[in-house]
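Shown next, in structure tokens, is the structure this report addresses.
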Amino acid sequence: MVSTASERRIQGVKTRRSRTLDPADVTSFNAIPITTVPRTLVELAADLPVDALARACHEAGVRYGVTPQMVEVVLQRRPNARGARKLRRIMHGDVRITLSTLERRFLNLLRAEKLTLPLTNRPAGGRRVDCRWPEHRLTVELDGYRFHNSRHSWEQDRLREREARARGDEFRRYTYRDVFENPKSMLSELRSFFQGCPG
């Protein structure tokens with residue numbers, strides 16, 4: 001999608017007219033002016049269905065460190081943006097969405113074992129986390145290779161772990177192999193954790 005100051009029609013390219021583009025919403029890539037990732041999410045919210053928008057928000061968080069606060073700053077500058085309510089609900093975790101096959105499989109395993117289900121993809125300490133049990137003070141991150149294969153995502157993963165421990169949570173990290181190939185060990189660990197929690 002290309003934003004332009006005037007009405008433009010380009011074959012094969014979706015264009016959107018945007019007369020007021022705040023300088024804070026503009027960056028560049030290979031000397032080409034582009035919108036920042038938070039502004040791009042605001043633009044996408046007008047057209048994408050909830051599931052697709054949630055995946056875009058998740059990827060923006062993992063790959064580029066975009067937080068709900070960053071998106072809110074853009075929305076405050078654009079109070080009449082189409083899709084703003086939908087985007088806010090996603091960014092603040094008010095829509096229950098599973099974002100990946102890994103996440104769906106993890107939740108299905110918990111249901112089958114009758115283990116407590118977590119809150120998923122909700123902010124905790126200003127950053128979205130994959131799974132959290134606030135009452136048990138446990139945070140779990142599910143590491144699929146697609147979203148955790150860069151230096152930036154690796155650094156973000158370490159930061160999430162430090163933040164979880166700083167708010168008093170235990171922290172667990174499970175991979176595709178844990179969830180799909182060897183779930184018994186993972187489920188045994190979680191069951192022991194919940195049984196050892198007071199109350």
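The values are calculated or read from the model by the stated rules, or taken from the named source; none is laboratory data. Here the structure is a predicted model, which is why all the values come from computation and not from measurement. Methodologically, a virtual Cβ is constructed for each residue, glycine included, from the backbone with ideal geometry; neighbour enumeration extends over all protein chains shown. These accessible areas exclude ligands, DNA and RNA; they are computed on the full protein's heavy atoms, side chains included. Shrake-Rupley method; radii C 1.70, N 1.55, O 1.52, S 1.80 Å.
In table form, for the structure just shown:
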quantity	calculated
HIS92, HIS58, ranked by accessible area, largest first (probe 1.4 Å)	HIS92, HIS58
Inter-probe distance in nm under a simple model that places probes 7 Å from Cα toward Cβ, at ALA52 and PHE171	3.5
Gain on full stretching of the segment that runs from ARG78 to LYS114 - 0.36 nm per residue minus C-alpha separation	8.5 nm
Size of electric dipole in segment 55-119: Cβ of Lys, Arg +1 and of Asp, Glu -1, about Cα centre, debye, nearest 20	300
Sites ASN30 and ASP157 - FRET efficiency at Förster radius 22 Å, r taken between beta-carbons, to 0.05	0.20
